Amino acid sequence: MPLTLDPVHENVMAPKGVLYIVATPIGNLDDITLRALNVLKSVDIIAAEDTRHTVKLLSRYSIKKHLFSFHDHNERDRMDILLSKIKEGNSVALVSDAGTPSVSDPGFRLVREAASQGLTIVPVPGVSAAVTALCASGLPTDAFVFLGFPPRKKGKRIEFLSDLKDEKKTLIFYESPHRIIQFIDEAIDILGPREAVLAREMTKIHEEFIRGSFEDIKGSLSRREQIRGECTLIVSGAQDCVVDVSMLDQEIRDKLLRGTPPPSVLAKDLSMKYPVKKRDIYEKILRIRDTLTG
């Protein structure tokens, strides 16, 4: 049965033998629910992705509890210990460094195993970076696909993006600041021109939303000496659009006959207007140029 505590009664104990999945702030420490605070105060054990990080949150709210390190690198080894503790009647709160545990964070295997063993699992909802970015993006929210972090290896990442090129729902990605420009470059080549929003440092002092095309966002980031903060990239879905090839060809001819701009610049400009990859437009420009000069 879900825990319901009056915020005033801080000494009420959490039910025994329960695994709580507790969402924590993604930046601003004020973004924690009263229920989450009561659960953290009441449980026997807090399983944390990084105990050094979690202790800052607990100190802010004067919570002193036994912290149990539980992250990607020790999840398999320590999962059985936590499950045994719960079976013995201990209440355990699972937290990640930021946001909701098991959503692109450690905890999925623990939750799955606890469920398979019939243990009680209680979610304590709160902040999620994906939903926080989406609701402020201005892109369609009626249907979306959360994709987490792209694969690290380029080949896998290209395959990953290729599978999404016809997806009409809004796409949500997480990416690190030192890989975001490369990822956007690959998205431009594979997904083609898209409207997008990059959310950075959400809920923190330097919160920023960069809006526009892939090219706009890449340009903004490329001008910076350093990109800070984890990034959430919201991308518009593929649109139902039939390209009028004759119109595209005629525009290319007109531009080439006027002599400006150069093919590479023209391809970039037209890729923002037509739902065709920049590379394909560039090749078309070269073919049409050859017919005009042949």
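The values are calculated or read from the model by the stated rules, or taken from the named source; none is laboratory data. Given the structure is predicted, the values throughout are model-derived calculations rather than measurements. Backbone-built Cβ (ideal geometry, glycine too); neighbour counts: all protein chains shown.
Does region 163-184 include one or more residues that are farther than 25 Å from Met272 by Cβ and not in a loop (DSSP other than H, G, I, E, B)?
Checked against the condition, which is being farther than 25 Å from Met272 by Cβ and not in a loop (DSSP other than H, G, I, E, B), region 163-184 yields at least one hit.
How many of the residues in region 195-238 are assigned to a helix (DSSP H, G or I) and closer than 23 Å to Lys168 by Cβ?
Selection size over region 195-238: 4.
What do you reckon, is Gly237 under 26 Å from Ala129 (Cβ atoms) and touching a residue at least 40 places away in the same chain (Cβ under 8 Å)?
Against the criterion (under 26 Å from Ala129 (Cβ atoms) and touching a residue at least 40 places away in the same chain (Cβ under 8 Å)), Gly237 qualifies.
Which residue, of Arg179, Arg200, Arg157, is buried (at least 21 other Cβ atoms within 10 Å of the Cβ), modelled with pLDDT of 95 or more, of a type outside the set (A, V, I, L, M) and outside the structural domain of Arg78 (by TED's automatic domain parsing)?
Result: Arg200 is the single residue among Arg179, Arg200, Arg157 that is buried (at least 21 other Cβ atoms within 10 Å of the Cβ), modelled with pLDDT of 95 or more, of a type outside the set (A, V, I, L, M) and outside the structural domain of Arg78 (by TED's automatic domain parsing).
Report, by residue number, each residue of region 125-146 that is of a type in the set (Phe, Trp, Tyr) and either more than 21 Å from Val22 (Cα to Cα) or assigned to a helix (DSSP H, G or I) (or both).
Answer for region 125-146, where residues must be of a type in the set (Phe, Trp, Tyr) and either more than 21 Å from Val22 (Cα to Cα) or assigned to a helix (DSSP H, G or I) (or both): just Phe144.
Given the condition under 21 Å from Asp72 (Cβ atoms) and either in a loop (DSSP other than H, G, I, E, B) or of a type in the set (Phe, Trp, Tyr) (or both), answer yes or no: does some residue in region 44-57 qualify?
Yes, that holds for at least one residue.
From the list Asp31, Asp6, Asp50, which residue is under 25 Å from the mean Cα position of the chain (by Cα), at pLDDT below 95 and acidic (Asp, Glu)?
Asp50
Quick one: how many residues across region 197-216 are farther than 29 Å from Asp30 by Cβ and of a type outside the set (S, T, N, Q)?
4
How many of the residues making up region 88-105 are part of a loop (DSSP other than H, G, I, E, B) and either acidic (Asp, Glu) or crowded, with 24+ Cβ neighbours inside 10 Å (or both)?
Final tally of qualifying residues: 6.
Being over 17 Å from Thr232 (Cβ atoms) and either in the same structural domain as Tyr282 (by TED's automatic domain parsing) or among the polar types (S, T, N, Q) (or both) is the requirement here; does Ser162 meet it?
yes
What do you reckon, is Val122 assigned to a strand (DSSP E or B) and within 24 Å of Val18 (Cα to Cα)?
Criteria met by Val122.
Could you check Ser62 against (1) surrounded by fewer than 13 Cβ atoms within 10 Å (Cβ to Cβ); (2) under 28 Å from Phe149 (Cα atoms); (3) modelled with pLDDT of 95 or more and say which number it fails?
Here Ser62 clears every test but (2).
Restricting to region 272-288, what's the tally of residues that are more than 19 Å from Glu186 (Cβ to Cβ), at pLDDT 85 or above and surrounded by 15 or more Cβ atoms within 10 Å (Cβ to Cβ)?
Selection size over region 272-288: 3.
Tell me, yes or no, whether region 192-203 has at least one residue that is farther than 22 Å from Ala129 by Cα and touching a residue at least 24 places away in the same chain (Cβ under 8 Å).
Yes, because at least one residue in region 192-203 is farther than 22 Å from Ala129 by Cα and touching a residue at least 24 places away in the same chain (Cβ under 8 Å).
Of all residues in region 17-27, count the ones that are in a loop (DSSP other than H, G, I, E, B) and either under 18 Å from Asp50 (Cβ atoms) or at pLDDT 95 or above (or both).
Qualifying residue count, region 17-27: 4.
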